[in-house]
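To start, the structure itself, in C-alpha coordinates.
The values are calculated or read from the model by the stated rules, or taken from the named source; none is laboratory data. What you see is a predicted model; the values in this text were computed from it and never measured. Don't worry about glycine lacking a Cβ; one is built from the backbone with ideal geometry, like all the others, and counts go over all protein chains shown. SASA here: full protein model, heavy atoms, side chains in, ligands and nucleic acids out. Shrake-Rupley method; radii C 1.70, N 1.55, O 1.52, S 1.80 Å.
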Amino acid sequence: MEKTILIKNGTLVTMDKDNSIVKGELLIRGDRIESIGGATSSADVVIDAEGCAVLPGFVQTHVHLCQTLFRGAADDLALIDWLKKRVWPMEAAHNESSIRASARLGVAEMIKGGTTCALTIETVNHTAEAFRVVEETGFRATIGKCMMDKGDEVPSALHEETESSIAESLALLEEWHGRGRIRYCFAPRFAVSCTRELLESVARLARERGVMVHTHASENRTEIEMVESETGQRNVAYLHSLGITGQHVALAHCVHLDDAELGILAQTGTHVAHCPSSNLKLGSGIAPVKKMLERGISVSLGADGAPCNNRLDMFTEMRTAALLQKVSHDANVLPAGRALRMATIDGARALGLNQEIGSLEVGKRADVITVDLACLHSSPRPADIVSAIVYSAQASDVRTVVIDGQLVMHERELLTINEQEIIEEANREFASLIERAGLDG
Ligand SMILES: [Zn+2]
(Lines give C-alpha, C1' and ligand atoms only; values in the text may rest on other atoms or scores of the structure.)
Protein backbone atom coordinates (compact mmCIF):
# COMPACT_ATOMS: atom_id res chain seq x y z
CA MET A 1 0.00 0.00 0.00
CA GLU A 2 1.19 3.49 -0.77
CA LYS A 3 1.66 5.81 2.17
CA THR A 4 -1.04 8.43 2.81
CA ILE A 5 -0.68 11.90 4.32
CA LEU A 6 -3.77 13.84 5.40
CA ILE A 7 -3.58 17.60 5.92
CA LYS A 8 -6.70 18.74 7.78
CA ASN A 9 -8.26 21.92 9.22
CA GLY A 10 -6.32 24.21 6.87
CA THR A 11 -7.44 26.61 4.16
CA LEU A 12 -6.36 25.27 0.76
CA VAL A 13 -5.05 28.02 -1.51
CA THR A 14 -5.01 25.86 -4.62
CA MET A 15 -3.59 28.20 -7.31
CA ASP A 16 -5.70 26.29 -9.86
CA LYS A 17 -6.98 28.18 -12.92
CA ASP A 18 -9.84 29.70 -10.92
CA ASN A 19 -7.63 30.52 -7.90
CA SER A 20 -10.01 28.38 -5.82
CA ILE A 21 -9.72 28.63 -2.07
CA VAL A 22 -11.16 25.56 -0.34
CA LYS A 23 -11.85 24.87 3.31
CA GLY A 24 -11.26 21.16 3.86
CA GLU A 25 -8.79 18.33 3.72
CA LEU A 26 -6.05 17.46 1.34
CA LEU A 27 -5.16 13.79 0.96
CA ILE A 28 -1.88 12.59 -0.50
CA ARG A 29 -1.37 8.99 -1.61
CA GLY A 30 2.12 8.00 -2.63
CA ASP A 31 3.61 10.89 -4.61
CA ARG A 32 0.27 12.34 -5.80
CA ILE A 33 -2.59 14.47 -4.52
CA GLU A 34 -5.56 12.12 -4.26
CA SER A 35 -8.34 14.40 -3.06
CA ILE A 36 -9.04 18.01 -2.20
CA GLY A 37 -11.77 19.29 0.11
CA GLY A 38 -13.01 15.86 1.16
CA ALA A 39 -13.46 14.49 4.67
CA THR A 40 -11.23 11.48 5.26
CA SER A 41 -11.09 9.85 8.66
CA SER A 42 -7.58 8.45 8.75
CA ALA A 43 -4.20 8.29 7.04
CA ASP A 44 -0.70 7.05 7.83
CA VAL A 45 0.32 10.60 8.75
CA VAL A 46 -2.18 13.27 9.85
CA ILE A 47 -1.10 16.91 9.87
CA ASP A 48 -3.24 19.44 11.70
CA ALA A 49 -3.12 22.71 9.71
CA GLU A 50 -5.44 24.72 11.97
CA GLY A 51 -4.75 28.43 11.41
CA CYS A 52 -2.60 27.62 8.36
CA ALA A 53 -2.80 28.17 4.63
CA VAL A 54 -2.08 25.01 2.63
CA LEU A 55 -0.29 25.88 -0.61
CA PRO A 56 1.60 24.33 -3.49
CA GLY A 57 5.34 24.51 -2.73
CA PHE A 58 7.11 27.54 -4.15
CA VAL A 59 9.07 27.19 -7.40
CA GLN A 60 12.16 29.42 -7.70
CA THR A 61 13.29 29.84 -11.29
CA HIS A 62 16.74 31.31 -10.68
CA VAL A 63 19.11 30.11 -7.96
CA HIS A 64 22.82 29.22 -7.62
CA LEU A 65 23.26 26.46 -5.02
CA CYS A 66 27.05 26.68 -5.42
CA GLN A 67 27.01 30.29 -4.17
CA THR A 68 25.17 29.79 -0.88
CA LEU A 69 28.49 29.50 0.91
CA PHE A 70 29.39 33.02 -0.30
CA ARG A 71 26.55 34.67 1.64
CA GLY A 72 27.73 38.04 2.95
CA ALA A 73 31.09 37.67 1.20
CA ALA A 74 30.41 39.90 -1.82
CA ASP A 75 28.29 42.75 -0.55
CA ASP A 76 27.75 46.18 -2.05
CA LEU A 77 29.33 45.66 -5.47
CA ALA A 78 27.83 46.02 -8.96
CA LEU A 79 27.61 42.95 -11.18
CA ILE A 80 30.92 42.95 -13.08
CA ASP A 81 33.07 43.80 -10.01
CA TRP A 82 30.95 41.42 -7.92
CA LEU A 83 31.87 38.63 -10.36
CA LYS A 84 35.53 39.50 -11.00
CA LYS A 85 36.60 40.48 -7.47
CA ARG A 86 34.61 38.05 -5.36
CA VAL A 87 32.28 35.47 -6.94
CA TRP A 88 34.54 34.07 -9.68
CA PRO A 89 37.57 33.67 -7.39
CA MET A 90 35.36 31.95 -4.82
CA GLU A 91 33.74 29.69 -7.44
CA ALA A 92 37.22 28.85 -8.76
CA ALA A 93 38.26 27.77 -5.24
CA HIS A 94 35.37 25.32 -4.84
CA ASN A 95 36.13 21.64 -4.39
CA GLU A 96 33.70 18.74 -4.08
CA SER A 97 33.17 19.10 -0.35
CA SER A 98 32.63 22.87 -0.46
CA ILE A 99 30.09 22.50 -3.30
CA ARG A 100 28.34 19.86 -1.25
CA ALA A 101 28.23 22.12 1.84
CA SER A 102 27.00 25.04 -0.27
CA ALA A 103 24.23 23.02 -1.94
CA ARG A 104 23.13 21.48 1.36
CA LEU A 105 22.92 24.92 2.97
CA GLY A 106 20.91 26.28 0.05
CA VAL A 107 18.50 23.37 -0.19
CA ALA A 108 17.91 23.33 3.58
CA GLU A 109 17.21 27.07 3.63
CA MET A 110 14.83 26.78 0.70
CA ILE A 111 12.89 23.86 2.17
CA LYS A 112 12.56 25.71 5.49
CA GLY A 113 11.04 28.65 3.63
CA GLY A 114 8.59 26.55 1.62
CA THR A 115 10.45 26.29 -1.69
CA THR A 116 10.09 22.77 -3.06
CA CYS A 117 11.60 23.18 -6.54
CA ALA A 118 14.32 25.31 -8.10
CA LEU A 119 15.94 25.99 -11.45
CA THR A 120 19.66 26.47 -10.84
CA ILE A 121 22.96 27.40 -12.46
CA GLU A 122 25.95 25.85 -10.69
CA THR A 123 29.61 26.62 -11.24
CA VAL A 124 31.91 25.20 -13.92
CA ASN A 125 33.24 22.31 -11.82
CA HIS A 126 31.93 19.60 -9.45
CA THR A 127 28.27 19.99 -10.51
CA ALA A 128 27.60 16.30 -9.80
CA GLU A 129 27.75 17.17 -6.08
CA ALA A 130 24.76 19.52 -6.40
CA PHE A 131 22.77 16.75 -8.10
CA ARG A 132 23.68 14.32 -5.30
CA VAL A 133 22.53 16.77 -2.63
CA VAL A 134 19.18 17.29 -4.36
CA GLU A 135 18.72 13.55 -4.71
CA GLU A 136 19.55 12.87 -1.04
CA THR A 137 17.46 15.67 0.46
CA GLY A 138 14.23 14.94 -1.45
CA PHE A 139 14.29 18.37 -3.11
CA ARG A 140 13.13 18.91 -6.73
CA ALA A 141 15.44 20.74 -9.13
CA THR A 142 16.47 21.39 -12.70
CA ILE A 143 20.21 21.99 -12.58
CA GLY A 144 22.82 23.09 -15.09
CA LYS A 145 26.58 23.14 -15.03
CA CYS A 146 27.80 26.67 -15.70
CA MET A 147 29.42 26.99 -19.13
CA MET A 148 31.99 29.73 -19.81
CA ASP A 149 34.60 29.61 -22.58
CA LYS A 150 35.46 33.31 -22.94
CA GLY A 151 36.48 36.39 -21.02
CA ASP A 152 39.31 38.39 -19.50
CA GLU A 153 39.97 38.09 -15.81
CA VAL A 154 38.21 34.73 -15.59
CA PRO A 155 40.21 32.53 -13.18
CA SER A 156 41.86 29.65 -15.04
CA ALA A 157 39.86 27.07 -13.07
CA LEU A 158 36.65 28.49 -14.58
CA HIS A 159 37.93 29.03 -18.12
CA GLU A 160 36.83 26.12 -20.32
CA GLU A 161 37.52 24.97 -23.84
CA THR A 162 34.30 25.06 -25.88
CA GLU A 163 34.35 21.36 -26.67
CA SER A 164 35.06 20.19 -23.14
CA SER A 165 32.34 22.45 -21.73
CA ILE A 166 29.83 20.82 -24.07
CA ALA A 167 31.15 17.30 -23.43
CA GLU A 168 30.95 17.72 -19.66
CA SER A 169 27.43 19.16 -19.89
CA LEU A 170 26.27 16.26 -22.06
CA ALA A 171 27.78 13.72 -19.64
CA LEU A 172 25.85 15.29 -16.72
CA LEU A 173 22.69 15.38 -18.83
CA GLU A 174 23.05 11.66 -19.60
CA GLU A 175 23.63 10.80 -15.97
CA TRP A 176 21.01 12.97 -14.25
CA HIS A 177 18.23 14.19 -16.56
CA GLY A 178 14.91 12.58 -15.70
CA ARG A 179 16.21 10.78 -12.64
CA GLY A 180 13.23 11.09 -10.29
CA ARG A 181 12.73 14.73 -9.32
CA ILE A 182 15.90 15.84 -11.10
CA ARG A 183 16.32 17.33 -14.55
CA TYR A 184 19.20 18.84 -16.47
CA CYS A 185 19.40 22.24 -18.20
CA PHE A 186 22.14 23.83 -20.31
CA ALA A 187 23.46 26.83 -18.37
CA PRO A 188 25.78 29.14 -20.32
CA ARG A 189 26.66 31.85 -17.76
CA PHE A 190 25.85 34.90 -19.90
CA ALA A 191 26.68 36.25 -23.35
CA VAL A 192 29.80 38.01 -22.00
CA SER A 193 31.35 34.69 -20.88
CA CYS A 194 30.42 32.52 -23.84
CA THR A 195 31.61 32.35 -27.44
CA ARG A 196 29.11 32.49 -30.26
CA GLU A 197 30.12 28.93 -31.11
CA LEU A 198 29.24 27.70 -27.60
CA LEU A 199 25.87 29.48 -27.57
CA GLU A 200 24.96 28.11 -31.01
CA SER A 201 25.83 24.59 -29.92
CA VAL A 202 23.77 24.97 -26.74
CA ALA A 203 20.78 26.24 -28.76
CA ARG A 204 20.97 23.21 -31.08
CA LEU A 205 21.64 20.58 -28.40
CA ALA A 206 18.87 21.84 -26.09
CA ARG A 207 16.33 21.41 -28.91
CA GLU A 208 17.71 18.00 -29.90
CA ARG A 209 17.72 16.68 -26.33
CA GLY A 210 14.49 18.35 -25.19
CA VAL A 211 16.04 20.16 -22.23
CA MET A 212 15.91 23.74 -21.02
CA VAL A 213 18.42 26.53 -21.47
CA HIS A 214 18.89 28.66 -18.36
CA THR A 215 21.08 31.75 -18.56
CA HIS A 216 21.42 35.38 -17.41
CA ALA A 217 20.44 38.22 -19.72
CA SER A 218 20.30 42.02 -19.63
CA GLU A 219 20.84 42.29 -15.92
CA ASN A 220 23.18 45.26 -15.91
CA ARG A 221 23.92 48.19 -18.22
CA THR A 222 27.68 47.47 -18.43
CA GLU A 223 26.95 43.87 -19.42
CA ILE A 224 24.63 45.06 -22.21
CA GLU A 225 27.27 47.52 -23.48
CA MET A 226 29.85 44.72 -23.55
CA VAL A 227 27.56 42.49 -25.62
CA GLU A 228 26.54 45.35 -27.89
CA SER A 229 30.09 46.48 -28.59
CA GLU A 230 31.09 42.95 -29.59
CA THR A 231 28.03 41.78 -31.48
CA GLY A 232 26.37 45.01 -32.58
CA GLN A 233 23.15 43.74 -31.04
CA ARG A 234 21.18 44.19 -27.84
CA ASN A 235 21.60 41.24 -25.50
CA VAL A 236 18.22 39.51 -25.89
CA ALA A 237 18.21 40.21 -29.65
CA TYR A 238 21.65 38.57 -29.87
CA LEU A 239 20.53 35.47 -27.94
CA HIS A 240 17.44 35.27 -30.15
CA SER A 241 19.59 35.41 -33.30
CA LEU A 242 21.50 32.37 -31.98
CA GLY A 243 18.35 30.40 -31.13
CA ILE A 244 18.40 30.97 -27.37
CA THR A 245 14.74 31.95 -27.03
CA GLY A 246 11.59 29.85 -26.84
CA GLN A 247 9.38 28.06 -24.36
CA HIS A 248 12.29 25.92 -23.18
CA VAL A 249 14.41 28.99 -22.32
CA ALA A 250 14.51 30.86 -18.98
CA LEU A 251 16.37 34.17 -18.91
CA ALA A 252 17.24 35.50 -15.47
CA HIS A 253 16.77 39.23 -14.82
CA CYS A 254 15.88 41.01 -18.13
CA VAL A 255 16.10 44.35 -16.31
CA HIS A 256 17.01 46.51 -19.32
CA LEU A 257 15.01 45.65 -22.45
CA ASP A 258 14.01 47.75 -25.41
CA ASP A 259 10.66 47.43 -27.10
CA ALA A 260 11.93 45.03 -29.76
CA GLU A 261 13.32 42.72 -27.09
CA LEU A 262 10.01 42.72 -25.21
CA GLY A 263 8.44 41.73 -28.52
CA ILE A 264 10.92 38.85 -28.95
CA LEU A 265 10.18 37.49 -25.47
CA ALA A 266 6.42 37.74 -26.03
CA GLN A 267 6.48 36.13 -29.48
CA THR A 268 8.77 33.26 -28.57
CA GLY A 269 7.22 32.41 -25.19
CA THR A 270 10.63 32.81 -23.52
CA HIS A 271 10.39 32.81 -19.71
CA VAL A 272 11.78 35.60 -17.54
CA ALA A 273 13.03 34.78 -14.04
CA HIS A 274 12.55 38.03 -12.13
CA CYS A 275 14.91 38.44 -9.16
CA PRO A 276 13.87 41.70 -7.48
CA SER A 277 16.07 41.54 -4.36
CA SER A 278 19.17 40.67 -6.39
CA ASN A 279 18.47 43.46 -8.88
CA LEU A 280 18.19 45.96 -6.02
CA LYS A 281 21.24 44.75 -4.10
CA LEU A 282 23.56 44.76 -7.12
CA GLY A 283 22.19 48.17 -8.13
CA SER A 284 21.11 46.69 -11.47
CA GLY A 285 17.75 48.46 -11.76
CA ILE A 286 14.06 47.62 -11.82
CA ALA A 287 12.82 45.08 -14.34
CA PRO A 288 9.84 46.26 -16.40
CA VAL A 289 7.54 43.57 -15.00
CA LYS A 290 4.38 45.62 -15.57
CA LYS A 291 5.21 45.94 -19.27
CA MET A 292 6.16 42.26 -19.50
CA LEU A 293 2.87 41.13 -17.97
CA GLU A 294 0.88 43.50 -20.21
CA ARG A 295 2.53 41.87 -23.23
CA GLY A 296 1.78 38.37 -21.95
CA ILE A 297 5.41 37.48 -21.17
CA SER A 298 5.87 34.62 -18.69
CA VAL A 299 7.43 36.01 -15.49
CA SER A 300 8.29 33.93 -12.44
CA LEU A 301 10.51 34.55 -9.40
CA GLY A 302 13.90 33.58 -8.01
CA ALA A 303 16.17 34.66 -5.17
CA ASP A 304 19.33 34.31 -7.34
CA GLY A 305 22.40 33.51 -5.20
CA ALA A 306 23.02 34.13 -1.51
CA PRO A 307 25.84 36.64 -2.22
CA CYS A 308 23.43 38.95 -4.06
CA ASN A 309 20.33 38.74 -1.91
CA ASN A 310 21.29 37.41 0.83
CA ARG A 311 18.25 35.22 1.42
CA LEU A 312 16.88 32.33 -0.61
CA ASP A 313 13.36 33.13 0.53
CA MET A 314 10.32 33.27 -1.73
CA PHE A 315 8.30 35.37 0.74
CA THR A 316 10.93 38.11 0.41
CA GLU A 317 10.83 37.87 -3.39
CA MET A 318 7.00 37.91 -3.64
CA ARG A 319 6.72 40.92 -1.36
CA THR A 320 9.62 42.80 -2.95
CA ALA A 321 8.34 42.10 -6.48
CA ALA A 322 4.86 43.37 -5.60
CA LEU A 323 6.13 46.48 -3.78
CA LEU A 324 8.83 47.35 -6.29
CA GLN A 325 6.48 47.71 -9.28
CA LYS A 326 4.35 50.15 -7.27
CA VAL A 327 7.23 52.64 -7.39
CA SER A 328 5.47 53.70 -10.63
CA HIS A 329 2.91 55.45 -8.35
CA ASP A 330 0.31 52.85 -9.24
CA ALA A 331 -0.67 50.70 -6.24
CA ASN A 332 -2.68 48.30 -8.42
CA VAL A 333 0.36 47.02 -10.28
CA LEU A 334 1.32 43.44 -9.46
CA PRO A 335 -1.32 42.67 -6.83
CA ALA A 336 -0.77 39.92 -4.25
CA GLY A 337 -2.63 37.25 -6.23
CA ARG A 338 -0.41 37.79 -9.24
CA ALA A 339 2.77 37.66 -7.15
CA LEU A 340 1.63 34.37 -5.62
CA ARG A 341 0.98 32.89 -9.07
CA MET A 342 4.48 33.96 -10.16
CA ALA A 343 5.86 32.11 -7.11
CA THR A 344 3.95 28.89 -7.79
CA ILE A 345 2.17 27.89 -11.01
CA ASP A 346 3.97 30.38 -13.26
CA GLY A 347 7.32 29.07 -11.98
CA ALA A 348 6.17 25.53 -12.69
CA ARG A 349 5.19 26.60 -16.22
CA ALA A 350 8.61 28.14 -16.80
CA LEU A 351 10.13 24.75 -15.99
CA GLY A 352 7.67 22.93 -18.25
CA LEU A 353 6.27 21.22 -15.15
CA ASN A 354 2.87 22.91 -14.83
CA GLN A 355 1.05 19.62 -15.53
CA GLU A 356 2.85 18.09 -12.55
CA ILE A 357 3.40 20.77 -9.89
CA GLY A 358 2.67 24.43 -9.09
CA SER A 359 -0.95 24.06 -7.89
CA LEU A 360 -2.99 21.83 -5.60
CA GLU A 361 -5.01 19.70 -8.02
CA VAL A 362 -6.06 16.07 -7.92
CA GLY A 363 -3.53 13.90 -9.74
CA LYS A 364 -0.65 16.37 -9.49
CA ARG A 365 2.54 15.54 -7.66
CA ALA A 366 2.29 16.28 -3.96
CA ASP A 367 4.55 19.30 -3.41
CA VAL A 368 2.62 20.92 -0.56
CA ILE A 369 3.43 23.36 2.24
CA THR A 370 1.55 24.73 5.24
CA VAL A 371 2.04 28.34 6.33
CA ASP A 372 1.01 29.51 9.79
CA LEU A 373 -1.18 32.62 9.51
CA ALA A 374 -1.97 32.87 13.23
CA CYS A 375 1.27 34.70 14.11
CA LEU A 376 1.49 38.21 15.59
CA HIS A 377 2.54 39.69 12.25
CA SER A 378 -0.37 38.04 10.40
CA SER A 379 -3.09 38.70 13.00
CA PRO A 380 -5.96 39.50 13.24
CA ARG A 381 -7.17 36.50 11.23
CA PRO A 382 -6.78 37.68 7.63
CA ALA A 383 -9.88 38.43 5.61
CA ASP A 384 -7.79 38.04 2.46
CA ILE A 385 -5.61 34.98 2.84
CA VAL A 386 -3.62 35.63 -0.36
CA SER A 387 -2.74 39.13 0.80
CA ALA A 388 -1.64 37.70 4.16
CA ILE A 389 0.67 35.19 2.43
CA VAL A 390 2.31 37.77 0.18
CA TYR A 391 2.41 40.87 2.40
CA SER A 392 2.48 39.57 6.00
CA ALA A 393 3.90 36.05 6.12
CA GLN A 394 7.59 35.19 6.26
CA ALA A 395 9.74 32.12 5.69
CA SER A 396 9.78 31.14 9.37
CA ASP A 397 5.97 30.74 9.25
CA VAL A 398 6.26 27.63 7.05
CA ARG A 399 5.46 24.63 9.25
CA THR A 400 5.25 21.58 7.01
CA VAL A 401 6.81 20.74 3.65
CA VAL A 402 5.97 17.73 1.48
CA ILE A 403 7.87 17.10 -1.77
CA ASP A 404 6.77 14.34 -4.14
CA GLY A 405 4.67 12.87 -1.31
CA GLN A 406 7.61 12.74 1.09
CA LEU A 407 7.42 14.69 4.34
CA VAL A 408 10.69 16.66 4.36
CA MET A 409 9.83 19.14 7.13
CA HIS A 410 7.35 18.70 9.97
CA GLU A 411 6.63 21.36 12.61
CA ARG A 412 9.76 23.19 11.36
CA GLU A 413 12.05 20.21 11.84
CA LEU A 414 13.94 19.18 8.70
CA LEU A 415 13.65 15.43 8.25
CA THR A 416 16.07 14.62 5.41
CA ILE A 417 18.96 16.81 6.50
CA ASN A 418 20.50 17.74 9.87
CA GLU A 419 20.26 21.50 10.32
CA GLN A 420 22.98 21.92 12.96
CA GLU A 421 25.38 19.74 10.99
CA ILE A 422 24.81 21.87 7.88
CA ILE A 423 25.57 25.10 9.71
CA GLU A 424 28.80 23.71 11.18
CA GLU A 425 29.81 22.25 7.80
CA ALA A 426 29.13 25.61 6.08
CA ASN A 427 31.33 27.51 8.56
CA ARG A 428 34.16 25.01 8.19
CA GLU A 429 34.00 24.77 4.38
CA PHE A 430 33.75 28.54 3.87
CA ALA A 431 36.85 29.14 6.02
CA SER A 432 38.88 26.68 3.91
CA LEU A 433 37.47 27.99 0.63
CA ILE A 434 38.26 31.63 1.34
CA GLU A 435 41.81 30.62 2.23
CA ARG A 436 42.18 28.64 -1.03
CA ALA A 437 40.80 31.67 -2.92
CA GLY A 438 43.37 33.95 -1.24
CA LEU A 439 40.62 36.42 -0.28
CA ASP A 440 39.57 38.06 2.98
CA GLY A 441 36.52 36.40 4.51
ZN1 LIG B 1 22.23 34.46 -11.17
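Once the cut-off is 18 Å, how many percent of the Cα-Cα pairs in region 315-432 end up in the long-distance tail?
The calculated P(r) of region 315-432 puts 64 percent of pairs beyond 18 Å.
Pop the C-beta distance of residue 374 and residue 410 into the FRET formula with R0 = 25 Å and round what comes out to the nearest 0.05. Write out the running numbers ahead of the final one.
Details: r = 18 Å, r/R0 = 0.71.
Once rounded, the FRET efficiency stands at 0.90.
Which one, 121, 102, 236, is farthest towards the positive end of the dipole of the chain when Lys and Arg carry +1 and Asp and Glu -1 on their Cβ?
236
By how many nm would the segment from residue 266 to residue 228 lengthen if fully extended, with 0.36 nm per residue of separation less the alpha-carbon distance?
Details: separation 38, 0.36 × 38 = 13.68 nm, distance 2.16 nm.
Gain on stretching residue 266 to residue 228: 11.5 nm.
Given N residues in region 69-143, what is Rg(Cα) / (2.2 N^0.38 Å)?
Working: Rg = 12.9 Å, N = 75, 2.2 N^0.38 = 11.3 Å.
Normalised Cα radius of gyration, region 69-143: 1.14.
Run the 1.4 Å probe and let me know the accessible area of residue 193, rounded to the nearest 10 Å².
0
If the elastic network links every pair of Cα atoms under 10 Å, which of 63, 327, 134 fluctuates the most in the Gaussian network model of the chain?
Taking springs between Cα atoms under 10 Å, the residue moving most is 327.
Note down the relative contact order for region 327-440 as a percent, whole number, built from C-alpha pairs under 8 angstrom at least six residues apart.
18
Could you check which residue among 244, 166, 369 shows the biggest mean-square fluctuation in a GNM of the chain with a 10 Å Cα cutoff?
Sorting by GNM fluctuation, first place goes to 166.
Using only alpha carbon pairs under 8 Å that are at least six residues apart, calculate the relative contact order of region 65-222 and give it in whole percent. It would help to have the intermediate numbers written out before the result.
Numbers: 232 pairs, mean separation 33.1, N = 158.
Dividing the mean separation by the residue count of region 65-222 yields 21 percent.
Which semi-axes, in whole Å and largest first, does the equivalent ellipsoid of region 291-368 have when worked out from the alpha carbon gyration tensor as the square roots of 5 times its eigenvalues?
On the way: eigenvalues 106, 56, 25 Å².
Its equivalent ellipsoid spans semi-axes of 23, 17, 11 Å.
Between residue 435 and residue 78, 0.36 nm times their residue separation minus their Cα-Cα distance comes to what? Kindly include the intermediate steps, with their values, before the conclusion.
On the way: separation 357, 0.36 × 357 = 128.52 nm, distance 2.36 nm.
Contour length minus Cα-Cα distance gives 126.2 nm.
Say R0 is 25 Å: what FRET efficiency, to the nearest 0.05, do residue 362 and residue 394 get from their beta-carbon distance?
On the way: r = 30 Å, r/R0 = 1.20.
That pair, residue 362 with residue 394, gives E of 0.25.
Name all residues of region 140-159 having a backbone nitrogen under 20 Å from the label point set 7 Å from the Cα of residue 241 along its Cα→Cβ direction, giving them as ranges.
Of the residues in region 140-159, 149-151 have backbone N under 20 Å from the label point off residue 241.
Go through 224, 314, 264 and say which Cα lies farthest out towards the positive end of the charge dipole of region 222-341; charges sit on Cβ, +1 for Lys and Arg, -1 for Asp and Glu.
314
Would you mind checking the tilt of helix 221-231 against the longest principal axis of the Cα atoms of the chain, expressed as 0 to 90 degrees and rounded to 10?
Once rounded, the angle reads 50 degrees.
Summing -39500 (n - 2.57) over the DSSP H runs of n ≥ 4 in the chain and dividing by its residue number, what mean residue ellipticity at 222 nm do you reach, to the nearest 500 deg cm²/dmol? Don't jump to the answer; show the numbers that get you there.
Details: 14 runs with 148 residues, N = 441.
Result for the chain, helices only: -10000 deg cm²/dmol.
Counting just the Cα atoms, what span does the chain cover along each of its three principal axes? Round to the nearest Å and put the largest first.
64, 46, 41
Report, to the nearest 10°, how far helix 162-176 tilts away from the longest principal axis of the Cα atoms in the chain, using its own Cα long axis and a range of 0 to 90°.
Tilt relative to the chain: about 20 degrees.
Of 19, 49, 6, which is farthest along the charge dipole of region 1-148 in the positive direction, counting Lys and Arg as +1 and Asp and Glu as -1 at C-beta?
Farthest along the dipole direction, towards plus: 19.
Under 1.5 on a/c is rounded, so check that first for region 168-325, then, if it is not, pick prolate when a/b is larger than b/c and oblate when it is not; a ≥ b ≥ c are the square roots of the alpha carbon gyration tensor eigenvalues. Don't skip to the answer; put the middle values down first.
Numbers: a/c = 1.58, a/b = 1.19, b/c = 1.33.
Verdict is oblate for region 168-325.
Hey, if we sort 430, 131 by accessible area with the 1.4 Å probe, largest down, what's the order?
Numbers: 430 40, 131 0 Å².
Solvent-accessible surface, decreasing: 430, 131.
Please tell me the relative contact order of the chain in percent, rounded to the nearest whole number, where contacts are Cα pairs under 8 Å and at least six residues apart. The partial results should precede the final answer.
Numbers: 987 pairs, mean separation 92.9, N = 441.
Relative contact order comes out at 21 percent.
When a/c reaches 1.5 or more, the comparison of a/b and b/c decides; with that in mind, is region 89-212 rounded, prolate or oblate per its Cα gyration tensor?
Numbers: a/c = 2.08, a/b = 1.33, b/c = 1.56.
Oblate.
Got a sec? What order do 314, 226 fall in by accessible area at 1.4 Å, biggest, i.e. largest, first? Walk me through the numbers before you get to the answer.
Numbers: 314 0, 226 65 Å².
Result, largest first: 226, 314.
Could you list, in their original order, any pairs among 145/290; 84/145; 326/364; 8/290; 23/112; 84/112 whose Cα atoms are separated by more than 27 Å? Could you put the intermediate results ahead of the total?
Values: 145/290 32 Å; 84/145 19 Å; 326/364 34 Å; 8/290 37 Å; 23/112 25 Å; 84/112 31 Å.
Table pairs above 27 Å Cα-Cα are 145/290; 326/364; 8/290; 84/112.
Measure nothing fancy, just the Cα-based angle from helix 419-437's long axis to the longest principal axis of the chain, in degrees from 0 to 90, nearest 10.
10
Checking the cross-link filter: which aspartates and glutamates have an alpha carbon closer than 17 Å to that of residue 281, excluding same-chain neighbours under 8 positions apart?
75, 76, 81, 219, 223, 304, 313, 317
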